[in-house]
Structure formats: structure tokens, C-alpha cells
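Novice: For reference, the structure I am asking about is given below.
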Amino acid sequence: MFLPIGDSPNPPGRPWVTYGLIAVNVSVYLLLVPLAFRAPDPGDPAFLDYVRTIAEERNLSIPLVRQVARQLSEYDLVVYRHGFKPASPSLVDILTSMFLHGGFMHLFGNMLFLWIYGDNVEHRMGRLRFLLAYLGTGAAASMGDAVLRIGSGIPSVGASGAISGVLGLYFLWFPRNRVRMWVFLFPLIYDVIELPARWVLGFYIVAQNLLPLLLTAGGGGVSYGAHIGGFAAGAVLALALDRLTIGRPEKDVRRRPAGAAPAGAGGAARAIRAAMEEGRWEVAAEWFFNTPHAHTRGALSPWEKIALGRALEEHDHPRGALAAYQRALADHPAGPGRAAAHLGAARVLMGPMRNPTGAYQHLYAALEEDPTPDEIAMARALLTDLARLVKSVPRRLPH
């Protein structure tokens with residue numbers, strides 16, 4: 001048995017929204033679980049509708065229909081009334097279905113994943129945006145479920161679609177984190193190991209969802225569409241937010257209008273370069289972020305973008321500095337300067353932006369490039385500082 005029990009590094013502070021979501025899910029379950037031991041009223045219209053729906057969609061024989069009717073509980077009717085049904089979708093049911101579960105193990109597995117992965121994503125996004133992302137990707141997960149179960153009146157419930165959205169965000173934003181796995185192979189092996197986060201999440205989405213979906217055609221009682229839809233929505237949201245940061249990081253990089261940059265890729269690049277050489281970093285930054293990205297992608301070298309990032313960093317514009325460093329990395333996926341850009345991004349994230357777990361991704365990546373001895377020393381010094389800022393660090397740090 002392989003069971004995830006934690007991840008690292010973990011951000012400082014307490015993820016109150018993550019804790020709150022866990023508390024709400026557990027409270028709803030504890031409040032409603034007594035209904036699972038109560039037989040429903042056979043005359044309840046919901047009872048008759050649910051039995052009829054199950055019988056028709058699963059093509060059950062009369063003996064099996066009677067068996068299903070005997071096994072239903074009051075809790076099942078709550079699920080039927082408030083779970084998500086593709087045949088009659090509603091925004092209210094999408095919301096309420098996220099906080100209903102099919103049993104204790106269903107609840108336990110979902111809350112374990114939310115507890116492990118939610119804190120890093122919440123710390124990066126902020127509490128309100130994290131809550132909105134959780135609910136939004138949960139809604140997208142319901143749409144993924146509806147695509148695979150068009151016209152179905154059988155409800156689906158659980159937080160796993162929204163949590164899959166959190167996993168999609170985590171997959172893109174924390175690729176170098178490590179997940180602690182409890183390994184129990186009776187009677188020979190009992191240990192805790194660390195695995196790269198992307199291996200664990202890749203296994204989740206491919207081996208536990210995509211392959212079973214293809215092999216079972218969506219049967220088996222697991223909402224593969226919700227899991228895949230939520231994960232995809234989280235990944236798309238992560239990419240969109242990254243593009244927003246890189247494209248226009250802050251409106252007040254320059255407080256006075258700098259005027260329009262010269263038209264065309266060559267003219268804009270020459271103007272930005274000249275402004276940097278003259279020490280007019282505010283003008284250079286304004287032109288850099290206002291010029292279409294296509295005009296600066298190849299016309300400015302990675303070192304020029306790094307120099308702009310350093311100027312913004314020195315003049316207390318951390319978001320602009322981070323965007324310049326990220327532009328250098330995105331525009332030049334190979335070649336010189338990448339270690340320096342990663343280190344610049346790490347400095348900004350560790351310092352004014354107070355995001356040490358985000359900084360860890362860049363420090364690890366800097367050491368995976370071809371850093372100079374000075375860059376290696378800086379990365380190791382920053383990793384030492386980072387270990388004092390976070391709750392835990394991986395056992396195996398980059399060399």
C-alpha cells in the first residue's frame with residue numbers, strides 16, 4: 001500500500017481556508033451520517049424517483065430493483081436531492097455536491113489530499129482567490145462529469161473534483177516539491193519515502209483516472225470525468241495566472257506616462273535597450289511591459305531582461321522584477337542566463353513577496369542548469385535561508 005502523508009517544502013503560516021474547507025466537509029458528514037442508518041419513507045416522491053432512475057439507467061431486473069429499494073437510506077435521498085445530476089444541472093446542486101460524500105473513506109481520502117496539497121496553493125494565491133479557485137474548479141469538474149454522463153439522473157457527490165483542481169494548480173506551480181509516501185507491503189516493507197510531486201500527481205491523473213476511464217468507459221462508480229475536468233481546470237488556471245503575471249505585472253511600474261515606445265520589434269527593443277543604458281529603468285520597464293510580447297521575445301537578450309529585473313528589484317518593484325525574470329526564462333528555454341534568472345526570481349519570492357515555497361522551485365531549477373561557482377554558492381546560501389522560513393524541507397535537497 002502506498003499512502004501520501006505529506007509534502008515539502010511547506011509554507012509558513014496557517015492555511016485557514018484549507019482548514020475551513022476540511023472543517024465544513026467533515027461537519028456536513030458528521031451531521032448527516034446518522035441518516036445513513038434510517039430507512040426512507042417509501043411514499044416519498046424522491047424515493048420513488050431515485051429508484052426509477054437507477055432502474056432505468058442501469059437496466060435492472062425487478063429483483064435487483066427491489067434490492068436497491070431495500071438498501072436505500074435517508075442519506076441517499078439527501079444525496080439524490082442535493083447531488084449533481086447531469087440530467088437536471090443547477091448551480092445550487094453543483095455547490096452542495098462538493099460537500100457531500102459517499103462514505104467515510106471517500107471523505108478521508110479527499111480531506112487527506114486537500115490537507116497535503118492545499119496549503120502551498122493557498123499560500124501562493126491568497127485566501128480569497130484560493131477559495132474562488134476551489135469552487136470554480138469544482139464547478140468545472142461537474143461539467144467534466146456531465147460530459148461523460150450526459151442525461152444521467154444519478155447524482156455524483158464529493159470534493160474530489162474541486163480538490164483535483166487544487167492538484168492541477170499544484171502540478172504546474174510546485175513541480176520540484178516532494179511528497180512523503182507511507183509504504184506498507186506486509187510483512188516485508190514498512191517505510192516513509194519521498195517522491196517527486198509530479199510523479200505522484202501524474203500517477204493520480206493517468207493511472208488512477210485516464211486509464212480506468214478508457215478501460216471501463218466511465219463505469220465503476222468513480223467520477224473520472226470530474227477528476228480529469230477539475231485537474232485540467234486547475235492547470236489551465238495556473239497557466240492563465242502565470243501569463244497574467246508575466247504580461248503586465250503592475251500598473252505603477254512608472255508613475256508618470258513614459259509615452260509610447262517606438263513601433264515595431266526592432267524599434268521597441270532599441271528604445272528599451274537605450275533607456276536601460278541611460279539608467280532610465282522606469283521608462284525601460286514601462287515600454288517593456290507595454291510593448292507586445294512578440295516584439296521583445298527574441299529582440300532582447302536574456303541578460304537584458306535579467307538586468308531590467310535587477311533594476312526593478314533594487315527599486316522596490318518586486319512584481320515587475322519577477323515578471324522580467326520569468327520573461328527571461330519563458331522567452332529563452334535554453335542557453336546562458338537561466339541560472340541567473342532563476343536566482344533573481346528566487347530572491348524576489350523569498351524576500352518582498354514572502355513566498356519561500358515558490359522560491360524553492362527556482363533555486364532547485366537554478367542548480368539543474370549550468371550555474372557558475374558564484375551562482376552555486378548563492379543558491380546554496382538561499383536554500384539555507386529558506387530552510388529557516390518554511391515548516392519542512394525535502395530530505396534530499398538539490399546538490
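Rundown of residues vs (1) surrounded by fewer than 17 Cβ atoms within 10 Å (Cβ to Cβ); (2) within 21 Å of residue 134 (Cβ to Cβ); (3) at pLDDT below 95, yes/no style:
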residue	(1), (2), (3)
169	no, yes, no
174	no, yes, no
183	yes, no, yes
188	yes, no, yes
207	yes, no, yes
216	yes, no, yes
219	yes, no, yes
225	no, yes, yes
233	no, yes, no
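Novice: Additional query: Report, ordered by the first and then the second residue, all pairs with beta carbons closer than 9 Å, sequence separation of six or more or different chains, a first member in region 56-73 that is open to solvent by less than 60 Å² (accessible area, probe 1.4 Å), and a second member that is assigned to a loop (DSSP other than H, G, I, E, B) and among the aliphatic types (A, V, I, L, M).
Specialist: Here the result reads 68/60; 72/39; 73/39, each pair linking region 56-73 to a residue that is assigned to a loop (DSSP other than H, G, I, E, B) and among the aliphatic types (A, V, I, L, M).
Novice: While we're on this one: Let me confirm something: among 118, 144, 153, which residue is touching a Gly at 6+ places or on another chain (Cβ under 7 Å) and crowded, with 16+ Cβ neighbours inside 10 Å?
Specialist: 144
Novice: Of all residues in region 143-181 being aliphatic (A, V, I, L, M) and assigned to a loop (DSSP other than H, G, I, E, B), which is nearest to the chain's Cα centre (by Cα)?
Specialist: Among those that are aliphatic (A, V, I, L, M) and assigned to a loop (DSSP other than H, G, I, E, B), it is 159.
Novice: If you check residue 76 against the conditions, is it crowded, with 20+ Cβ neighbours inside 10 Å and touching a helix residue (DSSP H, G or I) at 6+ places or on another chain (Cβ under 8 Å)?
Specialist: yes
Novice: Related question: Being of a type in the set (Lys, Arg) and under 25 Å from residue 145 (Cα atoms) is the requirement here; does residue 52 meet it?
Specialist: Here the answer is yes, as residue 52 does meet what is asked.
Novice: When you check residue 345 against the structure, is it at pLDDT below 95, under 21 Å from residue 123 (Cβ atoms), buried (at least 21 other Cβ atoms within 10 Å of the Cβ) and touching a helix residue (DSSP H, G or I) at 6+ places or on another chain (Cβ under 7 Å), yes or no?
Specialist: When the stated conditions are applied, residue 345 does not pass them.
Novice: Restricting the first residue to region 22-40 and requiring it to be modelled with pLDDT of 95 or more, which pairs with a second residue that is open to solvent by 50 Å² or more (accessible area, probe 1.4 Å) and part of a helix (DSSP H, G or I) meet a Cβ separation below 7 Å and a spacing of at least six or different chains?
Specialist: 22/115
Novice: Taking region 93-112 on its own, how many of its residues are of a type in the set (A, V, I, L, M) and farther than 13 Å from residue 155 by Cβ?
Specialist: Residues flagged as of a type in the set (A, V, I, L, M) and farther than 13 Å from residue 155 by Cβ within region 93-112 amount to 5.
Novice: Of everything in region 121-132, what is surrounded by fewer than 24 Cβ atoms within 10 Å (Cβ to Cβ) and either aromatic (Phe, Trp, Tyr) or assigned to a helix (DSSP H, G or I) (or both)? Give them in sequence order.
Specialist: Answer for region 121-132, where residues must be surrounded by fewer than 24 Cβ atoms within 10 Å (Cβ to Cβ) and either aromatic (Phe, Trp, Tyr) or assigned to a helix (DSSP H, G or I) (or both): 123, 124, 125, 127, 128, 129, 130, 131, 132.
Novice: State which residue pairs qualify: first residue within 23 Å of residue 361 (Cα to Cα) and inside region 115-139, second residue outside any loop (DSSP other than H, G, I, E, B) and among the acidic types (Asp, Glu) in any location, beta carbons under 6 Å apart, and separation of 6 or more residues or different chains.
Specialist: 116/7; 130/122
Novice: Restricting to region 356-399, count the residues that are in contact (Cβ under 8 Å) with a residue 12 or more places away in the chain and either β-branched (Val, Ile, Thr) or assigned to a loop (DSSP other than H, G, I, E, B) (or both).
Specialist: Adding up the residues that qualify gives 15.
Novice: Okay, moving on. Consider only pairs whose beta carbons are under 8 Å apart and that are at least six residues apart or on different chains; among these, list those whose first residue lies in region 93-105 and is outside any loop (DSSP other than H, G, I, E, B) and whose second residue is among the hydroxyl-bearing types (Ser, Thr, Tyr).
Specialist: 94/142; 97/142; 97/156; 104/29
Novice: Turning to a different aspect of this structure: Looking only at region 80-94, decide whether some residue is closer than 20 Å to residue 205 by Cβ and surrounded by 20 or more Cβ atoms within 10 Å (Cβ to Cβ).
Specialist: no
Yes/no per residue for (1) surrounded by 24 or more Cβ atoms within 10 Å (Cβ to Cβ); (2) free of Cβ contacts under 8 Å to residues at least 12 places away in the same chain; (3) in contact with a Ser or Thr (Cβ under 8 Å, 6 or more places away or on another chain):
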| site | (1), (2), (3) |
| --- | --- |
| 270 | no, yes, no |
| 312 | yes, no, no |
| 319 | no, no, yes |
| 325 | yes, no, no |
| 339 | no, no, yes |
| 350 | no, no, no |
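The values are calculated or read from the model by the stated rules, or taken from the named source; none is laboratory data. Predicted model only: the values in this text are computed from it and were never measured. Note that we place each Cβ from the backbone using ideal geometry, even for glycine, and neighbour counts take in every protein chain shown. Only protein heavy atoms, including side chains, enter the accessible area calculation; ligands, DNA and RNA are left aside. Shrake-Rupley method; radii C 1.70, N 1.55, O 1.52, S 1.80 Å.
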